[in-house]
Amino acid sequence: MKYVPLVWAAIMRKPTRAVLTLLSVMIAFTLFGLTIGMNATFTKLKAEARDDRLFAFSRFGGTLSVGMERQIESIPGVALATSSNNLFGYIQDPKNRVFVQMNDENTAKIYPEWPITAQQWQMVRDNRRGVLVSRSQADRWHLKVGDTFTVIAPVQKKADGTTNWTLQVVAITPDFFPLMAGYMFGNYDYMDKARLLSDQGKTGVFRIKLSDPSRSAAIAEDIENKFANSSTPLQSLTEKAAYDVTSNTGMDIAAVDREIALAGMFMVLFLTANGIAQAVRERFAEFATLKTIGFSDWGVIGLVFAEAAIPCLLGAGLGVGLAEVLASIIPRFVPPGQGVPVPTMTMTVLAWAVACAALVALASSALPALRLKRMDIATALSGR
Amino acid sequence: MLRQIFIVTALNFRSLVGRFWQSMVIVVGLAATIAVMLSMLSLSTGMREAYAKAGDPDRAIVVSKGADQEGQSAITRADAPVIADAPGIAKDKDGKPLADRGLNSGVPVLRKDGSKGFTTMRGLADKGQGVRPELHIVAGRMFQPGKRELIVGLGAQAMFQHMQIGDKVILPAGQWPIVGVFATGDLLEGQLLGDTETMLAALHKTSYNSVLVRLTSPNALDTFKKALTTNPALSVTVERHSDWYKRVGDQSTFVLALLGYVVGAVMAVGALFGCLNTMYAAVSVRGREIATLRALGYGAFPVAVSVILEAILLAVTGALLGAFIAWALNDGKQSMFGAMVFHLSVSRAQFELAVTWATVVALLGGILPSIRAARRPVVEALRAT
């Protein structure tokens with residue numbers, strides 16, 4: 001600790017160089033944070049996906065009859081099938097896009113782990129126009145409990161010909177993973193009964209709870225086969241499959257993220273290694289002086305390592321911090337309900353960043369450290 | 001002036017060898033940035049090139065007014081024959097107009113790796129092959145009109161499971177067998193084809209998505225378009241098929257390309273700081289040399305320019321290296337995104353882009369150090385170590 005002023009003075013010898021190096025390292029670690037953070041989100045999505053849940057939706061687009069619920073429940077291994085319809089629209093201005101998930105009375109049973117209490121679910125059932133609004137959405141649209149607001153949903157016509165859906169906030173509930181852009185949960189009956197008669201009794205997606213999670217993939221197949229020859233064939237996915245981004249896009253995004261982060265680290269490594277090598281070369285005589293007055297080999301090497309490590313670690317911290325800030329802004333630009341994952345800066349991400357920073361510092365100071373160890377003090381002191 | 005610039009720059013480059021590792025910082029920085037950016041862009045560029053190849057300038061597509069994609073368009077049964085009667089359409093050997101009523105739908109498929117994906121299922125009517133002479137059956141047979149049959153493209157066979165002749169595809173109210181394999185040489189090969197009218201009935205649809213016509217010549221487009229757009233009974237958009245695909249391609253790849261540019265920009269900023277760092281160091285190391293030159297009478301401007309040129313040389317070298325790496329790793333690889341099967345591309349335009357970015361970074365990273373080199377008082381610089 002007592003050598004910190006010494007190391008600091010060394011770094012600040014060329015303040016411009018120190019600042020530029022720090023900025024470069026910071027940018028590389030921002031990219032690191034965003035990419036590895038994205039991977040962390042993917043991992044978390046997969047880890048938290050339950051294998052006792054399935055989604056089923058129309059194979060060729062369009063809506064499905066709610067009556068199919070009973071048929072799905074008759075398949076062995078299925079405990080419960082529920083319906084929900086989505087209301088995509090905006091509040092006042094078309095750019096204020098919102099998405100309200102209209103659930104039926106059983107949906108709550110499918111998601112017991114969500115931080116929404118039974119009373120809160122019941123409030124939506126009791127008040128047909130009620131919605132549960134997540135904290136982030138409530139803040140965004142300045143909504144309080146009891147507020148009434150209107151969602152204009154151009155694709156969802158009501159029987160009276162308008163597209164204005166009036167909703168009332170019954171409770172503000174916490175945000176939770178994986179709904180990172182927030183959510184609004186409404187009452188399916190309200191939406192269904194207010195629509196044209198020909199549109200009623202229809203759902204967009206079935207959310208299914210299984211009683212036999214070990215056979216989830218097989219049950220998904222059974223569901224597809226049951227309706228294969230019907231007029232509305234289904235496509236069925238386990239929650240694990242639905243959250244597996246690689247299989248959904250056909251691209252190994254996690255690998256691409258790692259390669260980008262690696263490229264950034266490579267850039268930083270070169271920059272830092274060069275900087276330290278140059279610094280040691282320029283101040284060789286000074287190091288010789290330090291050795292003369294009693295610093296051990298390892299002491300001098302330690303000083304050099306610290307000189308490399310401080311900008312690296314600082315840059316890593318600032319970079320990941322900046323990545324966190326950028327990640328929190330992303331949901332504002334992404335249309336809601338699309339399920340676009342947002343990078344999260346977990347402890348793992350930070351740990352990896354620190355580890356990379358330390359490795360870069362180590363690699364950068366390795367060769368100069370060797371030179372210092374082998375130094376012939378007399379020659380070095382003479383400045384040659 | 002020019003001669004001075006030349007001499008100072010030549011001197012500069014000769015001493016570059018002595019500053020090898022510092023200079024490599026710029027080269028590596030730009031190489032990493034460009035390698036990453038072009039690798040990411042190879043996906044969107046590949047897709048755009050596949051789209052550009054798909055449309056034939058001899059053909060025109062008719063969709064309902066305002067539709068950006070075929071799936072958004074609806075051409076009624078009544079309108080289809082009106083469109084087919086318009087001037088400018090080539091005729092087949094029976095004298096009938098080569099105008100085909102088309103349908104589009106998504107269809108779920110199983111990828112080779114077991115994951116669930118989807119591709120496009122397209123309906124062809126009686127003039128389907130006439131309008132598309134590049135369509136050849138390479139195995140099995142063509143589907144019969146009125147029958148619930150499909151043919152699959154070579155690209156789809158390569159990417160998806162259960163795409164062999166005899167395999168069945170789930171459609172509403174029944175499964176349709178695959179009876180043949182086709183080739184077209186473009187992205188249509190990633191799709192399944194069937195009979196429009198049969199598909200229309202199966203999917204409970206009442207209107208077509210498009211009408212595709214073969215023009216008498218590429219110049220006939222204007223006559224054809226005018227006849228349809230001035231007809232008060234119709235509300236359609238007419239576009240040359242090649243233009244249509246180009247636009248759809250640009251729209252579909254916009255977000256992917258944007259992502260590539262954003263990541264590239266972030267890395268370029270990192271590389272920029274590295275460049276600034278290196279050039280400041282270069283200028284300070286050459287302090288005495290520059291001062292001597294100026295004492296001898298060389299102007300400050302040639303000195304400044306030589307610094308910038310050095311930055312540009314290093315940056316462009318790095319960018320070309322990075323572009324080469326991206327090219328070697330990606331170009332030509334077969335890839336898939338969503339419903340599209342195509343080849344990744346790192347084209348000449350991408351190389352040019354790399355050089356442009358490198359030059360911009362070098363300019364920004366070289367300006368300040370060059371000013372410092374030019375402004376530093378000669379006497380002070382001569383005295384510096």
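The values are calculated or read from the model by the stated rules, or taken from the named source; none is laboratory data. Just so you know, these numbers come straight off a predicted model, no measurement behind them. Don't worry about glycine lacking a Cβ; one is built from the backbone with ideal geometry, like all the others, and counts go over all protein chains shown.
Of the residues making up the stretch A:218-229, those that are touching a residue at least 12 places away in the same chain (Cβ under 8 Å), under 18 Å from B:Gly174 (Cβ atoms) and at the interface with chain B (Cβ under 10 Å from one of its Cβ atoms) are A:Glu224, A:Phe227.
When A:Ala357, A:Ala363 are checked against the criterion of being at pLDDT 85 or above, buried (at least 19 other Cβ atoms within 10 Å of the Cβ) and under 26 Å from B:Gln22 (Cβ atoms), a single residue qualifies: A:Ala357. Within the stretch B:258-296, being charged (D, E, K, R) and in a helix (DSSP H, G or I) holds for B:Arg288, B:Glu289, B:Arg294.
Scanning the stretch A:154-213 for residues that are of a type in the set (Lys, Arg) and in contact with a strand residue (DSSP E or B) (Cβ under 8 Å, 6 or more places away or on another chain) turns up A:Lys157, A:Lys158, A:Arg195, A:Lys202, A:Arg207, A:Lys209.
Taking B:Leu135 as the residue in question, decide whether it is within 27 Å of the chain's Cα centre (by Cα), in contact (Cβ under 8 Å) with a residue 12 or more places away in the chain and either under 24 Å from B:Ser335 (Cβ atoms) or surrounded by fewer than 21 Cβ atoms within 10 Å (Cβ to Cβ) (or both). Judged against the criteria, B:Leu135 is a match. Selection of the stretch B:171-222 for residues being of a type in the set (A, V, I, L, M), on the phi < 0 side of the Ramachandran plot, within 14 Å of chain A (Cβ to nearest Cβ) and outside any strand (DSSP E or B) yields B:Met199, B:Leu200, B:Ala201, B:Ala202, B:Leu203.
Scanning the stretch B:138-168 for residues that are without any contact (Cβ under 8 Å) to a residue 24 or more places away in the chain, out of contact with any helix residue (DSSP H, G or I) (no Cβ under 9 Å at 6 or more places or on another chain) and not in a strand (DSSP E or B) yields B:Gly166, B:Asp167. Flag: B:Phe118 does not match the condition of being among the aromatic types (Phe, Trp, Tyr), surrounded by 15 or more Cβ atoms within 10 Å (Cβ to Cβ), modelled with pLDDT of 90 or more and out of contact with any helix residue (DSSP H, G or I) (no Cβ under 8 Å at 6 or more places or on another chain).
Output yes when any residue across the stretch B:352-365 is part of a loop (DSSP other than H, G, I, E, B) and either outside the structural domain of B:Leu110 (by TED's automatic domain parsing) or among the small types (Gly, Ala, Ser) (or both), and no when none is. Walk me through how you get there before you give the answer.
The initial filter retains those residues of the stretch B:352-365 that are part of a loop (DSSP other than H, G, I, E, B), namely none.
For the stretch B:352-365, residues part of a loop (DSSP other than H, G, I, E, B) and either outside the structural domain of B:Leu110 (by TED's automatic domain parsing) or among the small types (Gly, Ala, Ser) (or both): absent.
On the stretch given as the stretch A:11-29, residues that are part of a helix (DSSP H, G or I) and more than 7 Å from every other protein chain (Cβ to nearest Cβ) total 8.
Could you grab me the full set of residues in the stretch B:328-344 that are of a type in the set (Gly, Ala, Ser) and either part of a helix (DSSP H, G or I) or within 12 Å of chain A (Cβ to nearest Cβ) (or both)? B:Ala328, B:Ser335, B:Gly338, B:Ala339 - these are the residues of the stretch B:328-344 that are of a type in the set (Gly, Ala, Ser) and either part of a helix (DSSP H, G or I) or within 12 Å of chain A (Cβ to nearest Cβ) (or both). Of everything listed in (1) within 25 Å of the chain's Cα centre (by Cα); (2) within 13 Å of chain B (Cβ to nearest Cβ); (3) hydrophobic (A, V, I, L, M, F, W, C), the single unmet condition for A:Phe60 is (1). The residue that is nearest to A:Arg59 (Cα to Cα), counting only those in the stretch A:250-269 that are free of Cβ contacts under 8 Å to residues at least 40 places away in the same chain and facing another protein chain (nearest Cβ under 7 Å), is A:Gly250.
Only a single criterion out of (1) at pLDDT 90 or above; (2) within 30 Å of the chain's Cα centre (by Cα) is not satisfied by B:Gly249, namely (1).
Yes or no: A:Gly89 assigned by TED's automatic domain parsing to the domain that holds A:Ala56, modelled with pLDDT under 90 and buried (at least 16 other Cβ atoms within 10 Å of the Cβ)? Yes.
Looking only at residues that are in contact with a Phe, Trp or Tyr (Cβ under 7 Å, 6 or more places away or on another chain) and surrounded by 18 or more Cβ atoms within 10 Å (Cβ to Cβ) in the stretch B:91-107, which one is nearest to B:Gln334 (Cα to Cα)? Break it down into steps so the answer makes sense when it comes.
Taking the stretch B:91-107 and keeping what is in contact with a Phe, Trp or Tyr (Cβ under 7 Å, 6 or more places away or on another chain), we get B:101-103, B:105-107.
Subset that is surrounded by 18 or more Cβ atoms within 10 Å (Cβ to Cβ): B:101-103, B:105, B:107.
Values: B:Arg101: 31, B:Gly102: 28, B:Leu103: 27, B:Ser105: 24, B:Val107: 21 Å.
Filtering first and then ranking leaves B:Val107.
For A:Ile36, the conditions (1) more than 29 Å from the chain's Cα centre (by Cα); (2) not in a loop (DSSP other than H, G, I, E, B) all hold with the exception of (1).
Can you pull out every residue in the stretch B:53-90 that is touching a residue at least 40 places away in the same chain (Cβ under 8 Å) and surrounded by fewer than 17 Cβ atoms within 10 Å (Cβ to Cβ)?
In the first step, residues of the stretch B:53-90 are kept if they are touching a residue at least 40 places away in the same chain (Cβ under 8 Å); the result is B:53-71, B:73-77, B:79-80, B:82-84, B:86-90.
Result: B:Lys53, B:Pro57, B:Lys65, B:Gly66, B:Ala67, B:Asp68, B:Gln69, B:Gly71, B:Ala74, B:Thr76, B:Arg77, B:Pro87.
Which residue out of B:Ile325, B:Ile312 is part of a helix (DSSP H, G or I), more than 12 Å from chain A (Cβ to nearest Cβ), under 19 Å from B:Ala354 (Cβ atoms) and at pLDDT 90 or above?
Details: B:Ile325 fails: more than 12 Å from chain A (Cβ to nearest Cβ).
Checking each option against the conditions leaves just B:Ile312.
Only one residue in A:Thr203, A:Thr232, A:Thr238, A:Thr272 is in the same structural domain as A:Thr35 (by TED's automatic domain parsing), β-branched (Val, Ile, Thr) and on the phi < 0 side of the Ramachandran plot, so which one is that? After applying the criteria, what remains is A:Thr272.
Does the stretch B:128-139 include one or more residues that are among the hydrophobic types (A, V, I, L, M, F, W, C) and within 14 Å of chain A (Cβ to nearest Cβ)? Spell out how you get there, then give the answer.
Within the stretch B:128-139, the first condition is being among the hydrophobic types (A, V, I, L, M, F, W, C), and the residues that meet it are B:131, B:135, B:137-139.
With within 14 Å of chain A (Cβ to nearest Cβ) added as a condition, the list becomes none.
Checked the stretch B:128-139: no residue is among the hydrophobic types (A, V, I, L, M, F, W, C) and within 14 Å of chain A (Cβ to nearest Cβ).
The criterion of at least 3 residues that are crowded, with 19+ Cβ neighbours inside 10 Å is met by the following strands (runs of 3 or more DSSP E) wholly inside the stretch A:115-232: A:130-134, A:164-173, A:184-187, A:205-210. Filtering the stretch B:85-113 to residues that are assigned to a strand (DSSP E or B) and away from every other protein chain (no Cβ under 14 Å) leaves B:Ile89, B:Lys91, B:Pro97, B:Ala99, B:Asp100, B:Arg101, B:Gly102.
Return yes when B:Val266 is facing another protein chain (nearest Cβ under 10 Å) and under 30 Å from A:Val340 (Cα atoms) and no when it is not.
Values: facing another protein chain (nearest Cβ under 10 Å): yes; under 30 Å from A:Val340 (Cα atoms): yes.
Considered against the rule, which asks whether it is facing another protein chain (nearest Cβ under 10 Å) and under 30 Å from A:Val340 (Cα atoms), B:Val266 comes out as yes.
A single entry from A:Thr232, A:Thr292, A:Thr272, A:Thr238 fulfils the requirement of being polar (S, T, N, Q) and within 7 Å of another protein chain (Cβ to nearest Cβ): A:Thr232.
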